[in-house]
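Undergrad: Sharing a structure, written as structure tokens. Questions coming.
The values are calculated or read from the model by the stated rules, or taken from the named source; none is laboratory data. Note that the structure is a prediction, hence the values are computed from the model and not measured. Backbone-built Cβ (ideal geometry, glycine too); neighbour counts: all protein chains shown. These accessible areas exclude ligands, DNA and RNA; they are computed on the full protein's heavy atoms, side chains included. Shrake-Rupley method; radii C 1.70, N 1.55, O 1.52, S 1.80 Å.
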Amino acid sequence: MSDPKLEITTGDRTIVTPLRPGLTRIGAPGSRGVHVEIEGAAGELHVWDEPPKVVRVRGDDALIVDGDMVEEGDLAGGTVFAWCGAKFR
């Protein structure tokens, strides 16, 4: 089985980053404890591996998972979510 990865698209730029075991924290550059930095982010997301889910823990920007505005959403391979102008898969 391959290591889980997160594909992040902002504007015309796409990067792929590995997910950490357990918890991957996503937020603004320079935010304390953040593992993945998103330019322009105001708040923080947590991506968990067991069970696979994304949770909006801080900030006013909407978390959109598969087209629905949520506070947390289940993740499976290929799930798309958006937050702070970035698209994740």
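Undergrad: Just need the relative contact order of the chain here, percent rounded to a whole number, with Cα pairs under 8 Å and 6+ apart. Don't skip to the end; give the middle numbers.
TA: Details: 175 pairs, mean separation 20.5, N = 89.
Value for the chain: 23 percent.
Undergrad: For E50 and R32 in the same chain, what is the full-extension length gain: residue separation times 0.36 nm, less their Cα-Cα distance, in nm?
TA: Contour length minus Cα-Cα distance gives 4.1 nm.
Undergrad: A follow-up question, please. Under 14 Å from a label point 7 Å along Cα→Cβ of E39: give me every residue in the range 72-86 with its amide N that close.
TA: 85-86
Undergrad: Check L6: other-chain or 5+ apart residues with amide H under 5 Å from its amide H, H built from backbone geometry?
TA: It is T17, L19, by chain and number.
Undergrad: State the extension gain, in nm to one decimal, for the chain segment bounded by D12 and I64, taking 0.36 nm per residue of separation less the distance between their alpha-carbons.
TA: Result: 16.8 nm gained on full extension.
Undergrad: Give a residue-ordered list of calculated ³J(HN,Hα) values for the range 62-67 (Karplus: 6.51 cos²θ - 1.76 cosθ + 1.60, θ = phi - 60°; whole Hz; x for Gly, Pro).
TA: Here the 3J(HN,Hα) series is 5, 9, 10, 10, 6, x Hz.
Undergrad: Ranked highest first by average number of other Cβ atoms within 10 Å, how do 67-75, 14-22 line up?
TA: Sorting 67-75, 14-22 by mean packing, highest first, produces 67-75, 14-22.
Undergrad: Follow-up question, since we're still on this one. Rounding to the nearest 20 debye, state how big the charge dipole of the chain is about its Cα centre with +1 on each Lys and Arg Cβ and -1 on each Asp and Glu Cβ. The partial results should precede the final answer.
TA: Numbers: 10 positive and 15 negative charges, 54 e Å.
Here the chain has a charge dipole of around 260 debye.
Undergrad: Can you give the convex hull volume of the alpha carbon atoms of the chain per residue, in Å³?
TA: Convex hull volume per residue, Cα atoms: 92 Å³.
Undergrad: Starting from the residue with the highest accessible area, list D12, D66, D49 in decreasing order, probe 1.4 Å.
TA: Output order, biggest surface exposure first: D12, D66, D49.
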